[in-house]
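The values are calculated or read from the model by the stated rules, or taken from the named source; none is laboratory data. This structure is a prediction, so every number in the text was calculated from the model and none was measured. Because the Cβ atoms are built from the backbone with ideal geometry, glycine has one as well, and the counts that use them run over all protein chains shown.
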Amino acid sequence: MISLKGIKVYEGMSEETHCFEANLYVDNKKLGRVSNSGRGGSNNYDFHWKEEEKLNDWCKNNLPKYKSPFDDEECHHNLETHIGDLLTDHLEQKDLKKLISSSVIVVDDNCSSGEAYRWNFSKYKGTPKTTLLNNIKRLIDKDEKMINPIILNSLPFDVAFKTFYK
């Protein structure tokens, strides 16, 4: 299994791709560093190209195909696309954690991926979070426009993440 740790993203330097650096791990063993300058080019690796070839083969043989955003053709993953997915996952988790820590977040069947209803904690200063959550639960239960509403703050994070980015 391939994973990234120690991820640093430099938003201000990102142009066409994410500017980042990270440690690349294979089966929980550090293989080396991966980075991208954020100017649209490929990732850079500080390990031997033969290791990159092995990881490309692993991705092709073990990861599900994905549809190309350009023509809907099914494509095999390679190390580059897999790292892109891992980086996107990291950034989305970071964003959702920030959102949940500052607001009550509710999704329902009307919401698309990444869409939600939001009640900022800052607008309800002095109200305990549990009281606010209970009040919002009563509110959304009465709202006939909401279909199967879910308060993400009340879910384990991994379930909230999968629900938010459905």
**Request:** Looking only at segment 20-38, decide whether some residue is touching a residue at least 60 places away in the same chain (Cβ under 8 Å), in the same structural domain as Leu86 (by TED's automatic domain parsing) and closer than 17 Å to Leu86 by Cα.
**Result:** yes
**Request:** Write out, first by first residue and then by second, each pair whose Cβ atoms fall under 7 Å of each other, whose residues are 6+ apart or on separate chains, and whose first residue, in segment 143-166, is surrounded by 13 or more Cβ atoms within 10 Å (Cβ to Cβ) while the second is acidic (Asp, Glu) and assigned to a helix (DSSP H, G or I).
**Result:** Tyr165/Glu92
**Complete:** Within segment 105-126, residues within 9 Å of Pro149 (Cβ to Cβ) and either of a type in the set (Ser, Thr, Tyr) or in a helix (DSSP H, G or I) (or both) come out as Tyr117
**Request:** Spot the failing condition for Tyr10; the list is (1) under 30 Å from Ser154 (Cβ atoms); (2) in contact with a Cys (Cβ under 7 Å, 6 or more places away or on another chain), and only one is missed.
**Result:** (1)
**Asked** How many residues are farther than 30 Å from Asn43 by Cα and surrounded by 13 or more Cβ atoms within 10 Å (Cβ to Cβ) if we restrict to segment 86-101?
**Response** 1
